[in-house]
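**Q** Have a look at the structure that comes next, please.
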Amino acid sequence: MKRFHRSDRVSEEIMKEVSAIIQNDMKDPRLGFVSVMRVALSRDLKHATVYFSVYGSDDEKKNTHTALTCGAGFVRGLLAKRLKLRYTPEVIFRLDNSIERGIRINSLLREVLPKDDNAED
């Protein structure tokens, strides 16, 4: 039987709520199309690092990261109201480029690997 840690459950709830807050409550015009990828919590649950991905150019990514960093206090305040926690974690936003790296690696592998004439796509 798999054991679940409290930090895993709390990080899932934080991820759901931060996604909802970004989509519904933040009105910053600098925000682009944001997807929350995951939330990493410290062991003492006092710091939550939110990894997000942005669809768009590098300028849009920078603007979105700036908007989220500036709105971190707003996000934390809404988390405090929505979650029943003794201490609301400090929210830190980090850009996650793993999807783009995966796409780039996949395209490089397609260039390097020999093509199979019998394979159907």
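The values are calculated or read from the model by the stated rules, or taken from the named source; none is laboratory data. As the structure is a computational prediction, the values presented were derived from the model and not from experiment. FYI the Cβ positions are ideal-geometry reconstructions off the backbone, even for glycines, and counts take in every protein chain you see.
**Q** Restricting the range 70-120 to residues that are among the small types (G, A, S) and modelled with pLDDT of 85 or more, which is farthest from S42 (Cα to Cα)?
**A** It comes out as S107.
**Q** For the range 26-50, enumerate the residues that are surrounded by 12 or more Cβ atoms within 10 Å (Cβ to Cβ) and over 15 Å from the mean Cα position of the chain (by Cα).
**A** M26, D28, R30, S42, L45 - these are the residues of the range 26-50 that are surrounded by 12 or more Cβ atoms within 10 Å (Cβ to Cβ) and over 15 Å from the mean Cα position of the chain (by Cα).
**Q** Of all the residues that make up the range 15-66, how many are in a helix (DSSP H, G or I) and either free of Cβ contacts under 8 Å to residues at least 24 places away in the same chain or closer than 26 Å to G102 by Cα (or both)? Spell out how you get there, then give the answer.
**A** Pass one, the range 15-66, residues in a helix (DSSP H, G or I): 15-25, 58-66.
Next, from what is left, pick out any that are either free of Cβ contacts under 8 Å to residues at least 24 places away in the same chain or closer than 26 Å to G102 by Cα (or both): 15-16, 18-20, 22-24, 58-66.
Total meeting the criteria: 17.
**Q** Would you mind finding the one in R94, R76 that is of a type in the set (D, E, K, R), surrounded by 16 or more Cβ atoms within 10 Å (Cβ to Cβ) and under 24 Å from R9 (Cβ atoms)?
**A** Matching residue, one of R94, R76: R76.
**Q** Looking at S107, is it touching a residue at least 60 places away in the same chain (Cβ under 8 Å) and surrounded by fewer than 14 Cβ atoms within 10 Å (Cβ to Cβ)?
**A** Criteria not met by S107.
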